[in-house]
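Please read the structure below before turning to the comments.
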Amino acid sequence: GLIENKNQLESLRLIHSGIPYFATKPYTDQYGTWITGYARILDSNDNIAGVMCIDASIEFIYGKAWKLAMQILISAAVFILLASLLSFSLARKVTRPLTELNQGAEILGRGDLDHALDIHTGDEIEDLAGAFNQMAGQLKQYVENLRITTMEKERIESELKIAHNIQSSMLPRIFPPFPERKEISLFATMEPAKDVGGDFFDYFFVDQDRLCFLIGDVSGKGVPAALFMVITKTLLKNQAQLGISTSEVLNSVNNMLCQDNEELMFVTVFIGILNTRTGEFQYSNAGHNPPLVLCGDGEFEYLKPKKSFVLAGMENFKYQMETMELGRGDKVFLYTDGVTEAMNGNSEQFTEKRLHEDLKELSRMGERAIVEGIRHQISLFVKDTPASDDITMLVLTYNGSENSAE
């Protein structure tokens, strides 16, 4: 029959125009919406033998496509859900021990050193937990050791404070020391570099007219030096009160100290005995710093005592005694090497020269003012540098007596 459908006529025209195959645009009829595909069928001579037509329902194609899309969406949703659950499980497996580690650190930080982690993951996290537990145990032991050490330190500090008080009480502290004795004026001070020190001084009357005064410096610092200082000071006073000369005092004390001196400690001493009635000043030196003497209207000048040796250094060493006359107003300045060897931040020492120059400016001052003036100069020199040695000074002024020469 004749083909009356315009779309079909147009399709046949396209087939005969040489187009081998094509598909029409969607069209609608009483059965629905369609798309038709055309393809030429050729004979053996490449002539058109026929045309093959295929109608496809758009509703059917869209239905299939929607069904496929829904299947893909559902499959994707299931995959995402499974992947999320798997990821959450893996993340929880990894983060749970890490969370426990974090919580353990917080507990440890609050002071609970008995807390232990129980993590068994079979990997580096388990190794980390083991290291954490080991650290907590070591920290607990460290805290216990620190507690014991702190208690021991507090005990030692308490004992050192008591030792400091005992040492301070052994040194004369009341000034003026002999207010009824107008012949002399005296002031002294000892400032230990540590809680207790090895420097010492002393003064006492041997008899009615003779005043013994001395200064010393024990080798070393701290408690051993303080103990040796107590022994030396006691022996010097006991021997001097026998009324013997300064050289005999040193000879006797030296031999006593040399006995059983297994620690090989030693002490430098300068000792003088002043006859307050006549002004005769006898002195002996055992390796100590040379004192300075101010005579008349002059200035402080260094004495030059004969060379000698320290106490407790050599048994049966013979010390020498020297004498000089002091007049009314003459002064004697004794000190330890903590004064001249005081060191500033540049490792520079105060030196004997600087001490000499400063004493020139203080020569007309009183005994306390001289000592405080030198201490002030040392403070200005060293500034914030901690003291490396005890600082001890003694100043004596001979005021004369009714029988002394003017």
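Using a 7 Å offset from the Cα along the Cα-to-Cβ direction at both ALA56 and LYS360, what is the distance between the two label points in nm, to one decimal?
Once both label points are built, they end up 12.2 nm from each other.
Would you mind working out the accessible area per residue for region 31-175, using a 1.4 Å probe, and quoting it in Å²?
On a per-residue basis, 75 Å².
In nm, to one decimal, how far is the modelled label at GLN141 from the one at GLN320, with both set 7 Å along Cα→Cβ?
Here the modelled spin labels are 6.4 nm apart.
Roughly to the nearest percent, how much of the accessible area of the chain is carbon and sulfur, given a 1.4 Å probe?
With neighbouring chains kept in place, the figure for the chain is 56 percent.
What percent do you get for the relative contact order of the chain when only Cα pairs under 8 Å and 6+ apart count?
Once normalised by length, the contact order is 13 percent.
Hey, what angle do you get for helix 6-16 against the long axis of the chain, alpha-carbon based, 0 to 90 degrees rounded to 10?
Compared with the principal axis, the helix lies near 80 degrees.
Enumerate lysine pairs in region 256-394 that are 8 or more residues apart or on different chains, then count those whose Cα atoms are under 17 Å apart.
Number of lysine pairs found: 5.
Picking from ALA65, MET393, PRO26, whose Cα lies most toward the positive end of the charge dipole for the chain (charges on Cβ: Lys, Arg +1; Asp, Glu -1)?
The listed residue farthest towards the positive side: PRO26.
May I ask for the angle, rounded to the nearest 10°, between helix 124-170 and the longest principal axis of the chain, with both axes built from Cα atoms and the value confined to 0 to 90°?
That works out to roughly 20 degrees.
If you take the charge dipole of region 98-256 about its Cα centre, with +1 on Lys and Arg Cβ and -1 on Asp and Glu Cβ, which of LEU128, GLY109, GLN241 is farthest toward its positive end?
GLN241
Apply the Karplus parameterisation 6.51 cos²θ - 1.76 cosθ + 1.60, with θ equal to phi minus 60°, to every residue of region 365-375 and state each ³J(HN,Hα) to the nearest whole Hz, in sequence, with x for glycine and proline.
With the stated coefficients, region 365-375 comes to 8, x, 4, 4, 5, 5, 4, 5, x, 5, 5 Hz.
Note the angle between two axes, namely the Cα long axis of helix 246-258 and the longest principal axis of the Cα atoms of the chain, as a number of degrees from 0 to 90, rounded to the nearest 10.
Long axis of 246-258 versus the principal axis of the chain: about 40 degrees.
The values are calculated or read from the model by the stated rules, or taken from the named source; none is laboratory data. Just so we're clear, the structure is a prediction, and the values are computed from it rather than from any experiment. Heads up, the Cβs are rebuilt from the backbone with ideal geometry, glycines too, and the neighbour counts pull from every protein chain shown. What goes into the accessible areas is simple: the full protein's heavy atoms, side chains included, and nothing from ligands, DNA or RNA. Shrake-Rupley method; radii C 1.70, N 1.55, O 1.52, S 1.80 Å.
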